[in-house]
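Before any comments, here is the structure.
The values are calculated or read from the model by the stated rules, or taken from the named source; none is laboratory data. Remember, it's a predicted structure, so these values are computed and weren't measured experimentally. No Cβ is skipped: glycine too gets one built from the backbone with ideal geometry, and neighbour counts run over all protein chains shown.
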Amino acid sequence: MAYQAALRVWRGDHGQGDLTPYTVEVNEGEVVLDVLHRLQASQANDLAIRWNCKAGKCGSCSMEINGRPRLACMTRMSTFAEDEVLTMAISHRAFSKLLKHEPSLSLALLRTLAARLRAAEKYV
Ligand code: FES
């Protein structure tokens, strides 16, 4: 059965920002990433959400939820009480900082992604 979840999502950059409150519909069986995509599509289309595999393999969707690191694609909304306010920090800062100080990583990352895509095409 669907319900309305109260979210507080960290919005900001370079150490400045705040927790923005939202109310988003949650349907049975959904994971946090589903709800964030609904939020992005319906209320916050400037919200950046990283994800890739949606299978708990890549770690792209890692975020802090109520102070605890979790994978948004693997965390079922049923983990939380329906009336619990979920505080989410989606941080791209650490990743961007890493690439800024270690530019060679971006090339290595692209090579890894390309290899994964090539491998995936074999099974399509
Ligand atoms: S999208 Fe890959 S681990 Fe969540």
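Structure values in brief
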| quantity | calculated |
| --- | --- |
| Flag for S91 being in a loop (DSSP other than H, G, I, E, B), within 16 Å of the ligand (Cβ to nearest atom), surrounded by 10 or more Cβ atoms within 10 Å (Cβ to Cβ) and at pLDDT below 85 | yes |
| Some residue of segment 13-24 being within 16 Å of the ligand (Cβ to nearest atom), surrounded by 12 or more Cβ atoms within 10 Å (Cβ to Cβ) and farther than 16 Å from A89 by Cβ | no |
| Search result, residues across segment 9-39 that are of a type outside the set (S, T, Y) and at pLDDT below 95 | V9, W10, R11, G12, D13, H14, G15, Q16, G17, D18, L19 |
| First in segment 57-86 and among the small types (G, A, S), second anywhere and part of a helix (DSSP H, G or I), Cβ under 7 Å, 6 or more apart | A72/V32; A72/L33; A72/L36 |
| Top-ranked residue of segment 41-83 - restricted to ones that are modelled with pLDDT of 95 or more, closer than 16 Å to V9 by Cβ and surrounded by fewer than 16 Cβ atoms within 10 Å (Cβ to Cβ), ranked as nearest to the ligand (Cβ to nearest atom) | A41 |
